[in-house]
Every structure is written in C-alpha cells, then in structure tokens.
Amino acid sequence: MSVADPIAVLRPRDEADLAEAVRAANGPLRIEGGGTRPVGGTVEGTALSVAALSGVVLYEPGALTLVVRAGTPLAEVEALLAAEGQRLPFEPMDHRALMGTDGTPTVGGMVATGASGPRRVQAGACRDFLLGARFVDGTGAVVKNGGRVMKNVTGYDLTRLMAGAHGTLGVLTEVAFKVLPVPEAVVTLALRGLDDAQAVAAMAAALGTPFEVTGAAHLPGQGTFLRVEGFADQAAYRADRLVAALASFGTAERLADDPWPGIRDVTAFAGRPGDVWRLSPTPSEAPGIVARAGAEGAVYDWGGGLVWLLVAPGTDLRARLGPFAGHATLIRAAPAARARLGAFHPEAAAVAALSRGLRARFDPRGILNPGRMG
C-alpha cells in the first residue's frame with residue numbers, strides 16, 4: 001500500500017511497523033486515534049491509525065505508575081484504575097458531545113491535545129503527570145524520553161512537549177503516567193444568582209482559601225460551583241469552612257448531583273448551532289471579555305482562567321475582542337471558518353520561531369499532521 005494514496009489508511013501493528021510506515025512515507029500523514037477530538041486545521045494526507053497500538057504495558061498501583069500504549073481506549077484505562085481506587089488526576093475532557101463526534105477516546109489523543117478538565121485548577125494539567133513517552137518522529141526514528149517514576153527526570157521537558165503538540169512533533173506509541181487515589185468524598189457547593197463579575201470574585205476568594213478547592217466554575221444563569229475532595233471528615237470540614245468564607249456572596253448550598261462531568265465536557269453547548277471558542281484570559285479580565293464577545297453562551301472554568309464561548313457561525317472572535325492577556329482557540333466550526341480564522345491563536349514571534357525549530361528538528365520533512373496547528 002502506497003502512503004501517497006489519499007484514500008488508503010495505514011494501520012501499523014506495532015511500534016516497529018509504525019516507524020517503518022513513517023520512514024516510507026512520501027507525503028503528508030494524518031495521524032488518527034479515536035477520532036473524537038478534531039481540533040485544529042484540516043490535514044490533507046494519508047491517514048495513519050494508531051488504534052492497533054493498544055494495551056497496558058505496566059501498572060503498579062503501589063507505585064502510582066501506569067504505562068500504556070497510545071491507542072488504548074481511555075475508558076479501559078479509567079476502568080483499570082477505578083478497580084484499584086485510582087484515577088488520572090487531571091480529569092481529561094471527553095470532546096464527543098461538544099464536537100458531535102463518535103468513536104472512542106484514546107490515551108494518545110488525550111495526550112496529543114493536552115485534554116485536562118476542571119481539576120487542573122488544583123491538581124495540574126495532563127503534561128504535569130507525564131512521566132515518560134515513546135514516539136516515532138518524522139524521520140521514522142523511535143524516541144524514548146523520560147522514565148516510569150517521577151524521580152527520573154531525564155529529558156522530562158521533551159515528554160511534556162508532546163502534550164498539546166497535536167501529533168506535529170511525533171506519533172505517540174507509549175505513555176507513562178503518575179496516577180493518584182480516588183478521594184473518599186466529594187462535596188460540591190453552589191452559589192446562585194451571581195453575575196459574572198461576582199462569580200469570578202467568589203471563585204477567586206474560594207481558591208485563595210487553604211481549603212483545597214479542586215473545581216471552580218460558573219455557568220451564567222445556573223450557578224457558581226465549587227468542589228472540595230478528600231477523606232469524608234476532611235471534605236465536610238473544609239466545605240463548612242468554605243461556606244462561611246463565602247458568606248458575603250450568599251448562602252452556598254450543597255448539591256446532591258454531580259455537575260462536573262457536564263462542566264468538563266461543556267455539554268451546555270452540545271447540539272447547539274454556532275461556533276465554539278476556548279479562551280484563556282486572566283480571571284479578572286474574563287467577565288469583560290465575555291461581555292465584549294456578544295456570545296450566545298458562556299461557561300467559566302478554572303476560576304475564570306478558562307472560558308468557553310458559543311458565538312454565531314463564522315464570527316472572527318479575535319478581531320471582535322481585540323488584544324487581551326491570553327489566547328483564543330477556535331474549537332468547533334465549519335471547515336471554511338477554521339481555514340479563514342485559524343484554529344490556534346497566532347503565536348508571538350519568539351514562540352513561533354521556537355515552534356518552527358522544534359518541528360524542523362523532529363519532523364524535518366514536514367509530514368506529521370501538517371496544517372493541524374496552522
């Protein structure tokens with residue numbers, strides 16, 4: 001099968017097969033995982049599926065260490081961890097409802113997009129829990145970076161670079177994670193009736209307490225949500241103290257249901273027409289940015305450091321907002337709008353030069369997902 005054939009799909013059976021396929025490529029390759037996170041520009045090229053590179057390589061619950069192949073379904077990993085009372089700490093987002101996709105989220109796609117959820121505000125991002133990785137670069141060379149324990153930091157920065165690179169630096173084959181125990185108890189508090197500015201102030205106040213808030217989100221018209229986790233007695237105590245600390249913003253109620261999967265996956269915009277943008281402003285600027293956007297819907301996460309906006313199709317949101325301290329990424333839109341506006345925020349000159357240098361080093365032929373990141 002020729003990799004120049006735009007209809008063919010390459011399905012390597014293992015890492016060696018993948019490396020040979022990349023070495024033999026004479027044109028662009030479109031890296032495919034589960035097909036659930038189509039973020040970025042359109043890639044014209046031969047599809048290269050990593051679905052067959054699946055399975056757990058090593059799991060040591062006592063060492064909080066997991067090594068898994070990139071094509072492994074994320075649901076399998078989460079079920080394995082749950083059976084041992086553990087989890088991926090960064091609460092990875094499932095894009096399917098928002099993007100209208102089906103398929104199966106994979107570990108490689110999660111890492112390639114750097115998918116992190118509400119807990120990032122306290123625990124950290126996907127890249128912060130990567131211990132090591134194996135990948136095939138654009139020359140077909142197999143690169144191993146990092147290790148299987150947090151103390152081994154050899155080349156750790158390169159491993160982190162793979163998180164959020166969208167397959168433009170290499171094709172992931174294996175990833176090592178640090179995992180953490182599932183907390184005994186979770187308490188979610190809700191404040192009602194706050195406007196956006198009040199909500200951001202309340203979230204900042206909560207995150208500034210010593211009560212280890214692991215989620216801080218605001219859905220206009222629905223409520224402002226705060227989460228604490230831990231041993232049952234500790235979580236209850238910290239929730240009580242948090243209610244008292246936020247008394248000036250109103251009376252916080254304890255929720256019986258769990259709003260966090262919906263916040264994580266931005267299900268408020270699922271099935272609704274319009275483009276979806278993901279902004280990373282400073283929290284204090286977020287309410288003003290949302291007001292300028294003229295959006296049809298907004299979701300604040302990470303205490304206001306992450307904002308999702310639903311706007312009319314084809315809206316040039318960056319032009320409408322003007323300069324601000326942060327960036328705006330077009331997550332969901334028609335192909336024509338993505339091509340015209342660019343999915344990713346334009347990089348500063350120095351950062352763009354660094355990005356070009358990294359891609360030239362790891363993909364000198366420019367065949368790995370060209371055009372994905374604009």
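Listed values, structure above:
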| item | result |
| --- | --- |
| Among Leu191, Leu330, Leu80, residue whose mean-square fluctuation peaks in a GNM of the chain (springs only between Cα atoms under 10 Å) | Leu80 |
| Relative contact order of region 228-374, pairs being alpha-carbon contacts under 8 Å that are 6 or more residues apart, as % | 19 |
| Percent of Cα-Cα distances greater than 22 Å, calculated over region 185-264 | 13 |
| Helix 15-24 axis, angle to the chain major axis (alpha carbon atoms, nearest 10°) | 60 |
| Other-chain or far-sequence residues with amide H under 5 Å of Leu131's (modelled H) | Ala176, Phe177, Lys178 |
| Debye equation applied to the C-alpha atoms of region 266-341, log10 I(q)/I(0) at 0.13, 0.17, 0.24 Å⁻¹ | -0.33, -0.57, -1.14 |
| Dipole in debye (nearest 20) - region 148-307, about Cα centre, beta carbon charges: Lys, Arg +1; Asp, Glu -1 | 340 |
| Mean separation of Cα contacts under 8 Å, 6 or more apart, over the residue count of the chain: relative contact order % | 19 |
| Cα-centred dipole magnitude for region 266-341, charges only on beta-carbon of K, R (+1) and D, E (-1), debye, nearest 20 | 220 |
| Relative contact order, percent, region 266-341 [alpha-carbon distance under 8 Å, six or more residues apart] | 40 |
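Values in this text are rule-based calculations from the coordinates and carry no lab data. Not measured: the values here are computed from a predicted model. When we count neighbours, we look across all protein chains shown, and the Cβ atoms used for this are built from the backbone with ideal geometry, even at glycine.
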